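Just below is one structure, and these are the notes that go with it.
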Amino acid sequence: MTMPNFLIIGAAKSGTSSLEYYLKQHPQIYMSYAEEMHFFAFENQKLNFQGIGDISLMRRAVTSLDDYQAQFQDVSEEIAIGDKSAWYLYHPKVPERIKHYIPNVKLITVLRNPVDRAYSSFLHLIRDYREPIHDFEVALEAEPQRIDNNWEYLWHYQQAGFYYQQLQRYFDIFAPEQIGIFIYEDYRKNPEKFLLTIFNFLCVDKTFKPDLSKKINVGKLKAKVPKNQTFHNFLSEPNIIKSMVKNFLPISLRERIREGLKQTNLGQPPLQPQVRKKLLDIYRSDIMNLERLISKDLSRWLEP
């Protein structure tokens with residue numbers, strides 16, 4: 001049965017869904033029909049994650065080899081056959097499992113500033129109404145207990161950002177030329193050039209021009225929370241001022257005004273500078289080790 005010859009292994013929240021979408025357009029590339037199967041992370045396991053809404057990951061996961069191979073049964077003349085599962089980078093047992101099944105595989109890793117990646121995971125879960133804590137710093141404090149309670153990896157805001165530790169496991173058992181390291185910020189700056197380097201790594205036609213007009217995930221709802229919680233509570237809960245207004249304005253007008261004020265008060269919660277600095281200090285040593293491992297300048301990640 002057919003197996004992939006390249007994997008997009010992560011990092012999560014680093015543009016891998018967009019990359020997969022553009023690679024699917026290339027006539028010499030076949031991507032598995034199912035996304036985020038996580039076979040090499042969860043082979044032969046019965047998953048039992050306990051976090052809010054974690055059932056979505058458990059439903060997507062493919063845990064049997066036969067079911068995984070079936071995802072590639074329609075491969076015909078394609079040169080590059082791929083699977084994108086963004087948690088392959090993070091799961092400690094994945095490199096050995098990949099080595100066992102497809103030792104000559106090519107591995108694509110897209111790395112994003114770990115602070116921004118952590119915050120993006122937080123906003124993702126807020127957007128999906130899974131994260132009940134709307135203060136990122138407080139959510140970071142809850143992370144160790146959530147990990148202990150077996151919440152899925154998207155909740156591992158801080159822990160998932162130690163890329164040096166995660167990549168070292170791959171460099172320990174795969175040849176360096178099998179591992180393609182790409183930087184998310186380069187993709188944002190010049191997607192055409194970024195994709196050209198990916199095509200070159202996969203040895204497919206570099207003259208192909210994918211349609212970049214569609215932006216993946218941009219259309220999804222952005223996480224919005226009250227900018228001022230006190231004002232939000234005032235608008236949402238009974239109070240004496242709202243009771244007085246009832247005598248002067250019809251209910252339809254009152255509702256339009258109330259909803260307009262509520263929407264004005266909603267927005268994407270900012271990443272507080274002190275939280276960014278705290279996380280940068282935590283990641284600093286790992287980032288510097290990562291620079292040496294992959295021979296790339298990551299100094300921009302260490303800027304406030």
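Read-outs throughout are calculated quantities, based only on the coordinates presented, and are distinct from any laboratory measurement. This one's a predicted model, so the numbers in the text were calculated from it and none came from an experiment. Quick reminder, even Gly has a Cβ in these numbers, built from the backbone with ideal geometry, and neighbours come from all protein chains shown.
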Revision key, fill the gap. Check: C-alpha center region 32-46 vs C-alpha center region 1-21, spacing in Å is 12 Å
Exercise for review: Specify whether the C-alpha gyration tensor of region 1-86 places it in the rounded, prolate or oblate class, a ≥ b ≥ c being the square roots of the eigenvalues: rounded for a/c under 1.5, otherwise prolate if a/b is larger than b/c and oblate if not.
Suggested key: oblate
Practice item. Just list whichever of K13/K106; K99/K193; K84/K277 have alpha carbons separated by over 26 Å in the model shown. Key: K99/K193; K84/K277
**Study point:** Residues R117, R276, R292 arranged by fewest to most Cβ contacts within 10 Å
**Key:** R292, R276, R117
Point to revise | Under the Karplus curve 6.51 cos²θ - 1.76 cosθ + 1.60, θ = phi - 60°, whole-Hz ³J(HN,Hα) for region 166-172, x wherever Gly or Pro sits | key: 6, 6, 4, 4, 6, 5, 5
Check your understanding: What ranking do 103-113, 137-147 get when scored by the average of other Cβ atoms within 10 Å per residue, highest first?
Key -> 103-113, 137-147
